[in-house]
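Following: one structure in structure tokens, then a few remarks.
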């Protein structure tokens, strides 16, 4: 739903700029002229000055009425062609219209960008050559020894990974579970024969908060004696994105924070936001003070876990780093800087918040000091992200593959892993673990993982995946959060027997696994069973190349794996290339 509405706005981009140009009227402002003259290295260029003045007037134009008209038109289009119901079209478009149009106005009427493109003014920005940037990142990669099996110390951590909890505070047992809206199981959901169960519904519904309570109670009762830390990678609010508010979204995160602190008070949590925490969904502005209140609220919630210094950094930047122990650093990245649905990036997609530059510096510091690093985030690099960001991220992972012990993401609601390769010989150099969701949306069993890591270097040893059989517990009539249980779906190394050795840090073992998945339908089906969720039993007769290629670290590499040439999407043309101010 949201992707289609996004496309509407992108298609309208040229039309919007044209109308803005026609509507621009008024007298030239003398102060504005002086400011532009001071920026212009060719003060005698009349055409340059006129171009800058014209575009500056467009930039300064109040777009309130224009936004209203565009929103009405898009809403009419969305409703008429039955892309969504009227209330969904109206709510989603009204939330996003002003951001989209304002960002298009700022980027594509920027005098310092457009006038040089027209050949009327000296160049103000330089386009960043991504290939050159990647070479720069990778040029000092050290030659390291091959994988070492032995550990000086075999002590281990047990780390719980929670992601995509997505609870709905208005979930109602008995409500329609199959409605006309993208999300159901509320009192107002249109009628159907399918009804919402007490603990949830495996379909187009989020879970009630009591299912989160039951999850935490199960963890408290069965896992706390051995549990050391929790990684929590975001997306807490419901999927009713057309009727949300910032306060409602913050309240969802606050409720989960409070129950974790109350029920598991001795266990430290390392959280990071997803794409649903901000408002509107996906939108987060790295280039202004717009997110100051949002960041500060989350920072204050999480300070007792991550420490004052990390909390202050999150309040200022929206991302942070802290230590798991004296030799292992947690690097928590805000993947809103990569999100291809974040309309604020239209104005400038270039390494938002300089987060990748910061991440690289953190990893350089770890390398110099002999530390290891764990990266946590929400959207994996091969998912709903801008391709240029993904390519740079991949190059950093390759460069510091021997420093990074693990990457942990969510967002897809699917059981996956992602491989990162040497760009020359295509050998796997690092792996990201993408965990499935706790929410049932869409057609998922609530799931979480417990990873086993070596304390010495945070190398992943193994993991156990747990799931909650919603249908079974709905049918047996149990309504006590203390009496329901999660089942063990699988233990990773047992699932892929005779492939992995002492731990999951040997990249040769991952090469072996991918080879087996490609050539052995039984091994492929073992992966596909989890990928498609335990709830949906699909037995493949032959390997699905799309699933196999989905393991690659960027969309470009996925297409290459499929034997296709990567084609830029419309959205990538609108966001444009990375650029920097000319020296």
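The values are calculated or read from the model by the stated rules, or taken from the named source; none is laboratory data. Quantities reported herein were computed from a predicted structural model and do not represent experimental measurements. Neighbour counts run over all protein chains shown; Cβ positions are idealised from the backbone, glycine included.
Could we say that residue 256 is in contact (Cβ under 8 Å) with a residue 60 or more places away in the chain, out of contact with any strand residue (DSSP E or B) (no Cβ under 7 Å at 6 or more places or on another chain) and closer than 13 Å to residue 305 by Cβ here?
It is true that residue 256 is in contact (Cβ under 8 Å) with a residue 60 or more places away in the chain, out of contact with any strand residue (DSSP E or B) (no Cβ under 7 Å at 6 or more places or on another chain) and closer than 13 Å to residue 305 by Cβ.
Among the residues of the range 512-519, is any in contact with a strand residue (DSSP E or B) (Cβ under 6 Å, 6 or more places away or on another chain) and at pLDDT 95 or above?
no
For the range 556-583, give me each residue that is touching a strand residue (DSSP E or B) at 6+ places or on another chain (Cβ under 8 Å), within 30 Å of residue 99 (Cβ to Cβ) and buried (at least 17 other Cβ atoms within 10 Å of the Cβ).
Scanning the range 556-583 gives 558, 578.
For residue 296, state whether it is modelled with pLDDT of 95 or more, surrounded by fewer than 22 Cβ atoms within 10 Å (Cβ to Cβ), touching a helix residue (DSSP H, G or I) at 6+ places or on another chain (Cβ under 6 Å) and assigned to a helix (DSSP H, G or I).
It is true that residue 296 is modelled with pLDDT of 95 or more, surrounded by fewer than 22 Cβ atoms within 10 Å (Cβ to Cβ), touching a helix residue (DSSP H, G or I) at 6+ places or on another chain (Cβ under 6 Å) and assigned to a helix (DSSP H, G or I).
How many of the residues in the range 207-221 are closer than 21 Å to residue 471 by Cβ and in a helix (DSSP H, G or I)?
9
For the range 462-488, which positions are outside any loop (DSSP other than H, G, I, E, B) and more than 25 Å from the chain's Cα centre (by Cα)?
Once the filter is applied, which keeps residues that are outside any loop (DSSP other than H, G, I, E, B) and more than 25 Å from the chain's Cα centre (by Cα), the range 462-488 yields 470, 471, 472, 473, 474, 475, 487, 488.
Hey, can you tell me all the residues within the range 318-345 that are farther than 21 Å from residue 233 by Cβ and surrounded by 24 or more Cβ atoms within 10 Å (Cβ to Cβ)? Spell out the reasoning first.
Restricting attention to the range 318-345, the residues satisfying the condition of being farther than 21 Å from residue 233 by Cβ are 326-327, 343-344.
If the condition is that a residue be farther than 21 Å from residue 233 by Cβ and surrounded by 24 or more Cβ atoms within 10 Å (Cβ to Cβ), then 343, 344 are the ones that fit.
Counting only residues that are surrounded by 14 or more Cβ atoms within 10 Å (Cβ to Cβ) and assigned to a helix (DSSP H, G or I), which one in the range 77-86 is nearest to the chain's Cα centre (by Cα)? Reasoning before the result, please.
Within the range 77-86, the first condition is being surrounded by 14 or more Cβ atoms within 10 Å (Cβ to Cβ), and the residues that meet it are 77-79, 83-85.
If we keep only those that are assigned to a helix (DSSP H, G or I) too, we end up with 77-79.
Values: 77: 29, 78: 26, 79: 29 Å.
Only one residue fits best here, namely 78.
Out of 341, 410, 383, which single residue is at pLDDT below 95 and under 13 Å from the mean Cα position of the chain (by Cα)?
Numbers: 341 fails: at pLDDT below 95; 410 fails: at pLDDT below 95.
Within the list 341, 410, 383, the selection yields 383.
Would you point out which residue out of 533, 498 is crowded, with 18+ Cβ neighbours inside 10 Å, assigned to a loop (DSSP other than H, G, I, E, B) and at pLDDT below 95?
Residue meeting the stated conditions: 533.
Please work out which one of (1) under 24 Å from the mean Cα position of the chain (by Cα); (2) modelled with pLDDT of 95 or more is the condition residue 198 fails and give its number.
In the conditions (1) under 24 Å from the mean Cα position of the chain (by Cα); (2) modelled with pLDDT of 95 or more, residue 198 misses (1) alone.
For residue 453, indicate whether it is free of Cβ contacts under 8 Å to residues at least 24 places away in the same chain, within 28 Å of the chain's Cα centre (by Cα), under 27 Å from residue 233 (Cα atoms) and crowded, with 20+ Cβ neighbours inside 10 Å.
No.
Exactly one of these conditions fails for residue 303: (1) part of a helix (DSSP H, G or I); (2) in contact (Cβ under 8 Å) with a residue 12 or more places away in the chain; (3) touching a helix residue (DSSP H, G or I) at 6+ places or on another chain (Cβ under 6 Å). Give me its number.
(2)
Can you tell me how many residues within the range 258-277 are farther than 18 Å from residue 168 by Cβ and buried (at least 17 other Cβ atoms within 10 Å of the Cβ)?
Going through the range 258-277 one residue at a time, the tally reaches 8.
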